[in-house]
Amino acid sequence: MRVTRSVDNVQFLPFLTTDVNNLSWLSYGVLKGDGTLIVVNAVGAVLQTLYILVYLHYCPRKQTLLLQTATLLGVLLMGCGYFWLMVPDPASRLQQLGLFCSVFTISMYFSPLTDLANVIKTQSTQRLSYSLTIATLLTSASWTLYGFRLRDPYITVPNLPGIFTSVIRLWLFWKYPQEKDKQHYRLLQT
């Protein structure tokens, strides 16, 4: 975004859902007393917030994005208020918050697939990020293994779609190589 001074090839929804996801898991980590969840998601929330601010800086149509951001933050605040004020039993709170976090994690992993139909229709992966796909695969696999280690289904289960969606995107990169890659392949064939 900074190099091109444009957000044309970058989706906003993954940044937003990932930020809400980090903030939700941060709450879960605090409630559970899990230092790994706390540190990783605190750093993630700060980074995602910075990405959102950079995106908003370069985006010409800010109103819709600000509305989406405010809506999701409102949902997050209502959810936090509910869990901390309306669910007095810590075990029930942990269980319900885990379910809440799981839903956001799944939405985070599925949000980049909103352009999937366009990728197939145009036969172009120009709007997908290869490095983000690899990062998502490694991150979701790591969290899945961490969840298995802790025997925590709220960490394990929602990260499985991250592996699945990453494999789908990798397949799309293989099936529809980006233009610069096609040119490179043509040079290799000559």
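The values are calculated or read from the model by the stated rules, or taken from the named source; none is laboratory data. Note that the structure is predicted; figures quoted are calculated from it, not measured. Glycine gets a Cβ as well: all are built from the backbone with ideal geometry, and neighbour counts include every protein chain shown. Note: accessible area is taken over every heavy atom of the protein model, side chains too, but ligands, DNA and RNA are not part of it. Shrake-Rupley method; radii C 1.70, N 1.55, O 1.52, S 1.80 Å.
Couple of notes before you dig in:
- Screening Thr105 with (1) free of Cβ contacts under 8 Å to residues at least 60 places away in the same chain; (2) touching a Gly at 6+ places or on another chain (Cβ under 9 Å) gives one miss only, at (1).
- Verdict on Thr17 being more than 22 Å from Thr156 (Cβ to Cβ), in a helix (DSSP H, G or I) and of a type in the set (Ser, Thr, Tyr): no
- For Ala91: the one exception among (1) farther than 20 Å from Pro14 by Cβ; (2) modelled with pLDDT under 85; (3) of a type in the set (Gly, Ala, Ser): (2)
- Condition met for Thr49 (touching a residue at least 60 places away in the same chain (Cβ under 8 Å), part of a helix (DSSP H, G or I) and not assigned by the TED database to the domain that holds Gln126): no
- Residues in region 71-89 that are assigned to a helix (DSSP H, G or I) and exposed (fewer than 11 other Cβ atoms within 10 Å of the Cβ): Gly74, Met78, Gly81, Leu85, Met86.
- Evaluation of Met78 against the conditions (1) under 18 Å from the mean Cα position of the chain (by Cα); (2) assigned by the TED database to the domain that holds Ser24 shows that the sole unmet condition is (1).
- The residues in region 130-160 that are surrounded by 18 or more Cβ atoms within 10 Å (Cβ to Cβ) and under 17 Å from Asp115 (Cβ atoms) can be counted, and the count is 2.
- Residue that is most open to solvent (accessible area, probe 1.4 Å), among those in region 90-129 that are more than 16 Å from Asn22 (Cα to Cα) and of a type in the set (Ser, Thr, Tyr): Thr114
- Criterion violated by Leu94 - all others in (1) assigned by the TED database to the domain that holds Leu16; (2) touching a residue at least 24 places away in the same chain (Cβ under 8 Å) satisfied: (1)
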